[in-house]
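Novice: Attaching a single structure in structure tokens format; questions to follow.
The values are calculated or read from the model by the stated rules, or taken from the named source; none is laboratory data. The structure displayed is predicted, hence computed values, not measured ones. Virtual Cβ from ideal backbone geometry, glycine too; neighbours counted across all protein chains shown. Accessible surface areas use protein heavy atoms only, side chains included; no ligands, DNA or RNA. Shrake-Rupley method; radii C 1.70, N 1.55, O 1.52, S 1.80 Å.
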Amino acid sequence: GEGVIVDDQIHRFSAPDDKEKSAYYSLHLHPSSNGEPIVNGVYGRWGRVELTRWCSRQRSGMTPEEARSVAASIQAMMKRMTDEERAGQDKARLKCRDLFATSPRAAAHPYLTRKGITASPATAISPFDPYPGWLAIPLQDAEGTIWSAQLIADDGTKRFFYQGRVKGCYQQFS
């Protein structure tokens with residue numbers, strides 16, 4: 001595997017149970033009054049509530065200035081992660097807009113037949129790699145904005161659109 005990088009940037013990696021790089025971390029190095037640097041950071045999984053904050057030293061072992069520095073770096077890391085997640089979601093939204101605007105509609109599909117579900121008018125067949133030919137079902141919010149898609153193979157294998165927003169979205173079937 002790759003080594004851990006301490007550079008204030010967001011690094012993606014595959015957790016043991018992942019097929020894609022859905023885990024992340026960001027670490028910051030602080031100078032300290034005793035010469036032993038303090039490392040702190042956050043790690044978690046995109047699209048999940050999981051977020052863990054970590055620091056190499058207990059707060060009780062820091063000067064007030066060191067504690068403020070650590071707290072400020074955590075806030076900055078969390079803002080970067082939120083900004084990156086939103087940018088990724090917006091990129092996915094635009095790709096899904098194009099997918100559902102230009103792709104052929106899916107009147108029938110083996111998955112829908114097995115489930116006894118009628119395709120909604122927006123359901124399409126994906127032209128995109130790595131899932132060409134897969135059923136594409138839009139995920140939309142309450143205002144009707146399509147933010148992502150669930151992609152389903154003939155055999156029922158399912159994937160969500162990379163970086164697409166899922167929280168607060170739903171799929172509509174007949």
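Novice: Considering each of ARG80, ARG53, ARG93 in turn, give the residue that is surrounded by 12 or more Cβ atoms within 10 Å (Cβ to Cβ) and at pLDDT 95 or above.
Specialist: Unique residue meeting the criteria: ARG93.
Novice: Right, another one. When you go through (1) farther than 20 Å from TRP46 by Cβ; (2) not acidic (Asp, Glu); (3) not in a strand (DSSP E or B) one by one for TYR162, which number turns out not to apply?
Specialist: That leaves (1) as the condition not met.
Novice: Sticking with this one: Examine segment 56-67 for a residue that is in a strand (DSSP E or B) and either at pLDDT below 90 or surrounded by fewer than 14 Cβ atoms within 10 Å (Cβ to Cβ) (or both), and state whether such a residue exists.
Specialist: no
Novice: Please verify whether THR102 is modelled with pLDDT under 90, open to solvent by 50 Å² or more (accessible area, probe 1.4 Å), among the β-branched types (Val, Ile, Thr) and farther than 17 Å from PHE160 by Cβ, treating the condition exactly as stated.
Specialist: Considered against the rule, which asks whether it is modelled with pLDDT under 90, open to solvent by 50 Å² or more (accessible area, probe 1.4 Å), among the β-branched types (Val, Ile, Thr) and farther than 17 Å from PHE160 by Cβ, THR102 comes out as no.
Novice: Provide a single number: the residues in segment 141-155 that are surrounded by fewer than 21 Cβ atoms within 10 Å (Cβ to Cβ) and over 23 Å from ARG114 (Cβ atoms).
Specialist: 5
Novice: Among the residues in segment 25-43, are any assigned to a helix (DSSP H, G or I) and out of contact with any Cys (no Cβ under 8 Å at 6 or more places or on another chain)?
Specialist: Taking every residue of segment 25-43 in turn, none turns out to be assigned to a helix (DSSP H, G or I) and out of contact with any Cys (no Cβ under 8 Å at 6 or more places or on another chain).
Novice: Between a first residue in segment 106-129 that is of a type in the set (A, V, I, L, M, F, W, C) and a second residue that is open to solvent by 70 Å² or more (accessible area, probe 1.4 Å) and assigned to a loop (DSSP other than H, G, I, E, B), which pairs have beta carbons less than 6 Å apart while being 6 or more apart in sequence or on different chains?
Specialist: Final answer for the pair search is ILE117/PHE173; ILE125/PRO104.
Novice: Would you be able to tell me the number of residues in segment 109-130 that are in a loop (DSSP other than H, G, I, E, B), open to solvent by less than 40 Å² (accessible area, probe 1.4 Å) and closer than 15 Å to ASP154 by Cβ?
Specialist: So the answer is 4.
Novice: Somewhere in segment 81-103, is a residue part of a loop (DSSP other than H, G, I, E, B) and either more than 24 Å from SER22 (Cβ to Cβ) or among the polar types (S, T, N, Q) (or both)?
Specialist: Taking every residue of segment 81-103 in turn, at least one turns out to be part of a loop (DSSP other than H, G, I, E, B) and either more than 24 Å from SER22 (Cβ to Cβ) or among the polar types (S, T, N, Q) (or both).
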